[in-house]
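In what follows, a single structure is set out as structure tokens and then discussed.
What follows is calculated from the coordinates using simple rules that are stated; it is not laboratory data. From a predicted model like this one, the values you see are computed outputs, not experimental measurements. Positions of Cβ are generated from backbone atoms using ideal geometry, with glycine treated the same way; all protein chains shown enter the neighbour counts.
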Amino acid sequence: MGEVLLEDLTKDFGEVVAVKEVNLTIHDGEFVVLLGPSGCGKTTTLRMIAGLEEITSGRILLDGRVLNDVHPRDRDIAMVFQNYALYPHMSVYKNMAFGLKMRKVDKGEIDRRVKSAAGILGIETLLGRYPGKLSGGQRQRVALGRAIVRDPRVFLFDEPLSNLDAKLRVQTRVELLKLHQHLAATSVYVTHDQVEAMTMGDRIVVMHEGVIQQVGPPMEVYQNPANQFVAGFIGSPAMNFLSATVRAEEGRIFLEGAGFRVPLPAERSGGLEGREGGEVVFGIRPEDMRLDAEGGIDGTVEIIEPVGSDIFLDLSVGGASLTARVESSVRMSQGERVRLRPDPARVHAFDPATGATLI
Amino acid sequence: MGREIGAGRASPSMIRRSASLLRRWVAGGGKRSLHSHLRWAGFFFVLPALIHLVIFKFYPMLQALRLSFFRYDLMSPPVFTGLENYKLLWENPLFHQSFWVSVKYMFGVSIPEWFFALGLALLLNRRMPGRAVIRLAYFFPIAMSQIVVAMVWKFMYHPFGLVNTILETFGVGRINWLSMEESALPALIAIGIWRGIPLFGVIYLAGLQAIPKEYHEAAIIDGAGVFQRFFYVTVPLLLPTIMFVMVLSLLSAVKVFLNPLVMTEGGPNGTTRVLPYFIYETGFAFFRMGEAAAASMVLFVFLFGLTLIQLRLLRRGGVE
Amino acid sequence: MRRKTMLRLGGALISLLTVGGVVVMLLPYFWMVSSSIKTGIEVFDLPIKWIPDEIQWVNYPNALSKGAFGVYFYNSFVVAFAVMAGNLVFCTLAGYGLAKFRFRHRELCFRLILSTLMLPLEIVLVPTFLVVRELGLVNTYGGLIAPLAVDAFGVFLMRQSIRDIPDSLIEAARMDGCSEFGIFWRIILPNCKPALGALALLAFRDNWDQFLWPFIVATTDDLKTFPLGLAQMEGIDSAAYHEIMALAVLGMIPAAFIFLFFQRAFVRGITLTGLKE
Ligand SMILES: Nc1ncnc2c1ncn2[C@@H]1O[C@H](COP(=O)(O)OP(=O)(O)OP(=O)(O)O)[C@@H](O)[C@H]1O
Ligand SMILES: [Mg+2]
């Protein structure tokens, strides 16, 4: 078992409110990713679950038991630190055994568990070495091993991949997922890397300035962002935002601005009702447009960025900039004028004042 | 027992209260939350040292202040005399002499130390063959006892000792260093400098090594010469260390006691009677405890002011 | 070409200076050792013979017999080790508390402790003696040791060094189930060995060396420390330089030993301290 419940969880450091009234249920066996820009309170949330940070108000429950005043050692929660926090003066074996030794597990059992965890992670040959003599990837595994041997109800990860190089990061990401499938333990994973979040999370929790913006499965968050912040944060290159005016003509709704005029299908325009003539933010992802001489967006090519599989075009649309993804077969030159047609089903609009999603 | 002087001992109820706090802390982590436990934990780690310093530094300091207003000879009960002790000191030419001897010794030792030690650290920070051995040779004297140093140098300064022998080869006549008024204090100052250089050298060296190489490399690329690099890179970055060495060297120079005691007995004619020696003599040879305490207070105020000025000056330097 | 020769010449000069410096720093010690194996007359012979024709080992037993030096050495060891132990324990605990915990008035505590650097024993000599007398510790080992058992510089050194240990190690240990004292013992101590080495060395040196305090508080012969014994012997027999030097050599050995034992830790300990801030 390992169901974690966060109720109105709040943390302030004097003036700074790091985490504000967070409510979240993390189901048993689920892999939840906390995602958000630097300083949004991810680490603080994680550390409160671990018991390393005092809770200002609210509650944390694990399987129905209130953890607020429970010592970290008694929470049955293990954590993998960003810098791994391996004890430099202990061998890999001792590092992994330490938590069990402190819990007075008997020697034979410790040995069995350490060896088995080492087996799962493929680090049997490292057991006698010291952390100072390991590569980044090896340290990362040892840190994982130290968490695994304890067989906790919940695993916490604080950006465990951020100290690895790009290639190793991708590889380790896959291994971590496999490991999760194998162990099926509840995991809370903090990252500011949205690719990690998208690929790993059963659900992702997007945070901003200490407040949860949206919780949901990755694709759901990607396709139906709850607000402009989430829409802009998830996806790379990021969603384009252009300020627009809502127009109603001949019973159809258009989003109109300098250099574009985009019609909306009737079934999607409900959210804009009553806003005719008003300002909104028009949002469209680079991959949700295609070249079309009849398209509603009129731009001038400024920069062409081929990335192999695709080409990213940086366009100037009525003075604002917009990025579009086109197929790599397209030939294009700088200064050329192009027209783009947005996929009507993927057009977004946000309230310019609150950032709330309208469509 | 010197009950008369002591303010009350720690009361039983105070002890009981702290004992129960301690027990609660040791048991802590169970009932109360980790974090209130931690707030106490840090304090309890510091507490033993704090208690020690209260008993053996702050309380004596207050006692010294109190005692400086009394006449006390260890035998008969102390008698309150107001500012009498300070007045006695003020009128005592030996105290004035002592004060200036101490000042001369302090600066005479510490100022050359700042420069020599820095020079040594710069030398040892260079790459050269056998550096490890040379470093070891320089730092070895750190381990030497003061008494050994005192004995060796007393012998060195003997009219037929090594110092005179060496000087003689340069055509200087033999001098009885320790028994002449002009030479006794300089002789002791020389020992102080010689003795202090290795320790302060290590501290400087540590500071030098803490300066990231990139700064020097950047300065080289910018075309800075050796001296420019020293003044624009090394010195500013070394400032905290310099400050530390300055304070520490003054504080350790002012404590000198053993050398004047065993080498010159404060003589000839009081020219090496530093303040600690004066305090010792007044208190434990003449049993004028009150006056000795008053002298301690004067010395303390002097040190305190000096340290404050130094910190102020250097902080200003550090900001610029 | 010219520039290169100049540079090399400069380098050679500096190296010469470095080596010359070593000689100046160590010469007195060579002379001490050399004199300790000469006869009382040979010590003033000119020109100086650094190694005498006949080595007078007998100076050593002769010198030792001029006082209860066995007792003095023993006392010095007791004081030096006890004070060293006190420093290692209390300074490290305090350094840990100041470096890694937040509590009310922490900065004030730190400043108070540092301010005692301005209150060396030499200054609070009289009242410290009175306190020790009040505690009934005059002429006891306790009286010799207690006032020296904590030193502000040691606290400073340990605080600086412990601050460099990442907080996450402590937190990992906390989650691993270590008690707060367990963290200190199993995580902090093993990770500040260089600083502990530096502290041990300095504490040993300064207290093997204690002169003033024993001089005041230990009036009976069986509590005298080595420096007192040596000074006393010198006072009686001030012309016996060969024997005084023999005793000085003996007095140098323990500290020298400790130095060689700790020297790597020492230099690293100070280096790591780096005197940041
Ligand atoms: N000990 C502290 N004292 C004061 N403020 C803190 C402390 N720890 C965190 N904060 C503040 O709380 C906010 C949230 O910090 P947190 O470390 O949780 O961010 P994060 O989302 O993990 O960011 P990052 O991606 O950079 O790690 C930040 O504004 C930070 O400055
Ligand atoms: Mg973080």
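Some observations on this one:
- Under 16 Å from the A:Glu302 label point (7 Å along Cα→beta-carbon), backbone N, region A:214-251: A:238-243
- For region A:261-341, the square roots of the Cα gyration tensor eigenvalues, ordered a ≥ b ≥ c, give a/c of at least 1.5 with a/b greater than b/c, which places it in the prolate category.
- Taken over the protein assembly as shown, the ratio of Cα radius of gyration to 2.2 N^0.38 Å equals 1.24.
- Note on the protein assembly as shown: antiparallel DSSP beta bridges, both residues inside, total approximately 80 percent of the bridges counted.
- Tensor-based shape of chain C (alpha-carbon gyration tensor, a/c under 1.5 rounded, otherwise prolate or oblate): oblate
- Remark: mean inter-chain Cβ contacts per residue of B:134-142 equal 6, using a 10 Å Cβ-Cβ cutoff to other protein chain atoms.
- The mean sequence separation of alpha-carbon pairs under 8 Å and at least six residues apart, normalised by the residue count of chain A, gives a relative contact order of 15 percent.
- Of the cross-linked pairs A:Lys94/A:Lys133; B:Lys104/B:Lys255; A:Lys94/C:Lys193; A:Lys167/B:Lys213, those separated by over 23 Å at the C-alpha level are A:Lys167/B:Lys213.
- Counting, for every residue in A:197-203, the Cβ atoms of other protein chains within 10 Å of its Cβ and taking the mean gives 0.
- Residue pairs, from the table A:Lys101/C:Lys100; A:Lys42/A:Lys115; A:Lys20/A:Lys104, whose Cα atoms sit over 27 Å apart: A:Lys42/A:Lys115; A:Lys20/A:Lys104
- Residues of region B:121-153 with an amide N closer than 18 Å to a point placed 7 Å from the Cα of C:Asp164 along the Cα-to-Cβ direction: B:125.
- Straight-distance crosslink candidates among lysines, where the alpha carbon sits under 21 Å from C:Lys66 and sequence neighbours closer than 8 are dropped: B:Lys154, C:Lys38, C:Lys224
- Residue-averaged 222 nm ellipticity for the protein assembly as shown, from DSSP H runs of 4+ at -39500 (n - 2.57), nearest 500: -16000 deg cm²/dmol
- When restricted to Cα atoms, region B:84-316 yields an Rg and a Dmax of 20.8, 67 Å, respectively.
- Contact order, relative form, for region A:53-180: 35 percent (alpha carbon pairs under 8 Å, 6 or more residues apart, mean separation divided by residue count).
- Between C:Lys193 and A:Ser57, the C-beta separation translates, for a Förster distance of 41 Å, into a calculated FRET efficiency of about 0.45.
- Prolate/oblate/rounded call for region A:4-233, Cα gyration tensor, a/c under 1.5 rounded: prolate
- Inter-chain Cβ neighbour count for A:88-97, averaged per residue, equals 2 (cutoff 10 Å, partner chain atoms only).
- Chain C: relative contact order in percent, alpha carbon pairs under 8 Å with at least 6 residues between: 32
- When the Gaussian network model of chain C links Cα atoms closer than 10 Å, the mean-square fluctuations of C:Leu46, C:Leu260, C:Leu189 top out at C:Leu46.
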